[in-house]
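J.: Handing you this structure, nothing more for now.
The values are calculated or read from the model by the stated rules, or taken from the named source; none is laboratory data. Being a predicted model, the structure only gives us computed values, none of them experimental. Glycine also receives a Cβ, built like all others from the backbone with ideal geometry; neighbour counts cover every protein chain displayed. The accessibility values were calculated without ligands, DNA or RNA, using every heavy atom of the protein model including side chains. Shrake-Rupley method; radii C 1.70, N 1.55, O 1.52, S 1.80 Å.
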Amino acid sequence: MNTHHTGDIDRDALGAQLEREAELHTPFLEKAARWLRELMGGDDGADLAVGRVLDAGSGPGVATCLLARTFPHADVVAVDQDPALLERVRLRAAKQRLSARVSVQRADLPGEFDALGPADLIWTSRFVHHLGDQQAALDALSATLRPGGTLAVVESGLPPRFLPRDIGMGRPGFQARLDAVVEDHFASLRAELPGSTRVVEDWPAMMARAGLVPTGSRTFLTDLPAPLELSAREHLHSHLSRLLERIGDRLDAEDRAVLERLVDGDACTGILWRPDAFYLAATTVHTARACAGR
């Protein structure tokens, strides 16, 4: 999670949206955390090997607290640039009785990578791609790992799908066209980042160039069939509302009108009320290990 490219927005609303999104993906996070525990030696080995965990770009701390539960003998640090999101981490940790092991660290990355301190496990979810030089970011995270430590990078996968091909409004294939516009918009944002550097986004190869030994990639499904629960619909409504604000002017008139109808909270065609709305996402985690003798 991260807060880059948000502009002038309601920080509380953003924090709530990020929290809902992360909670929506809790099944993925639980499976991914168990896989990391296995990679780091299973029950006994992980408890011995993992003393300090960093969640770089933590957002509201859903993954932070889950990692604390998965590695019950580790101190877990949520790292983010947004104090409001770090406060959400504190509140979540207190509610789950994890405050003794979960702490927060405000850091402006990439400038303050060297202030993170050493870690046995670093988890970073959809954060590196918001930094201008992604390879340099992986290099810095690699340097933070203790010998034998593991870096887990959540990137790539497939964008979430939540609407049928034909939704009865506009031309069929609306979401595919929406995804294409989002990709173009994100490419333009990346080009404007400080130190923006193009790189082939082969994450295992990039982690190897950072001096790590790739230890596997896995993709996890989040599959919530229709009809969706209210929390999922609320997340989709917030997501589509932000897209309307960000990229509405990039859509043709017909697709913009469809998007406006989808975010209309009073319309039966809106995402809050549609019986055909679902949520299907594929999220990929790439892992690599620091050489034990470095």
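J.: Under a crude label model (7 Å from the Cα following the beta-carbon direction), how far is Q81 from K95 in nanometres?
T.: 2.7 nm
J.: While we're looking at this one, here's another question. Please report the relative contact order for segment 38-125, taking Cα pairs under 8 Å with a sequence separation of at least 6, and give it as a percent rounded to a whole number.
T.: Values: 157 pairs, mean separation 30.1, N = 88.
Answer for segment 38-125 is 34 percent.
J.: Once phi is turned into θ = phi - 60°, what whole-Hz ³J(HN,Hα) does the Karplus curve with 6.51, -1.76 and 1.60 give for every residue of segment 27-32, x standing for Gly and Pro?
T.: In residue order, the calculated couplings are x, 4, 4, 5, 5, 5 Hz.
J.: If R190, R126 are ordered by their accessible area, calculated over protein heavy atoms with a 1.4 Å probe, which sequence runs from highest to lowest?
T.: Solvent-accessible surface, decreasing: R126, R190.
J.: Using amide H atoms built in the peptide plane, which far-off residues or other-chain residues are under 5 Å from R52 H to H?
T.: It is D75, D120, L121, by chain and number.
J.: Let me ask something else about it. Tilt of helix 230-247 relative to the longest C-alpha principal axis of the chain, in degrees (0 to 90, nearest 10)?
T.: For 230-247 against the chain, the angle is about 80 degrees.
J.: Pull out the extension gain between H185 and R209, defined as 0.36 nm times the separation in residues minus the alpha carbon to alpha carbon distance; nm, one decimal.
T.: Full-extension gain reported as 5.8 nm.
J.: Using a 1.4 Å probe and counting only protein heavy atoms, arrange D114, D139 so the residue with the most accessible area comes first. Don't skip to the end; give the middle numbers.
T.: On the way: D114 140, D139 65 Å².
Putting D114, D139 in descending order of accessible area: D114, D139.
J.: Same structure, new question: What is segment 1-159's relative contact order, in percent, from Cα pairs under 8 angstrom and six or more apart in sequence?
T.: For segment 1-159, the relative contact order is 22 percent.
J.: How much solvent-accessible surface does C268 expose, in Å² to the nearest 10, with a 1.4 Å probe and all protein chains in place?
T.: Per-residue accessible area (C268): approximately 110 Å².
J.: Could I have the simple spin-label model distance between E38 and L244, label points 7 Å from Cα toward Cβ, reported in nm to one decimal?
T.: 4.3 nm
J.: For labels at A292 and E30 in the simple 7 Å Cα→Cβ model, what's the distance in nm?
T.: Distance between label points: 3.3 nm.
J.: Further question on the same structure: Note down the relative contact order for segment 146-289 as a percent, whole number, built from C-alpha pairs under 8 angstrom at least six residues apart.
T.: After rounding, I find 47 percent.
J.: If r is the Cβ-Cβ distance from A176 to R69 and R0 is 51 Å, what FRET efficiency results, to the nearest 0.05?
T.: 0.85
J.: Would you work out if segment 1-154 is rounded, prolate or oblate? Take a ≥ b ≥ c from the square roots of the eigenvalues of the alpha-carbon gyration tensor; rounded if a/c is under 1.5, else prolate when a/b is larger than b/c, oblate otherwise.
T.: oblate
J.: Need the C-alpha centroid separation for segment 50-126 versus segment 127-151, integer Å.
T.: Each part reduced to its Cα centre gives a spacing of 16 Å.
J.: Would you mind calculating the gained length between D47 and A16 on full extension (0.36 nm times residue separation, minus the Cα-Cα distance), in nm to one decimal?
T.: 7.9 nm
J.: Expected output is a single nm value to one decimal: the length gained when fully extending between R261 and L230, i.e. 0.36 nm times separation in residues minus the C-alpha distance. What is it?
T.: Roughly 9.3 nm would be gained on extension.
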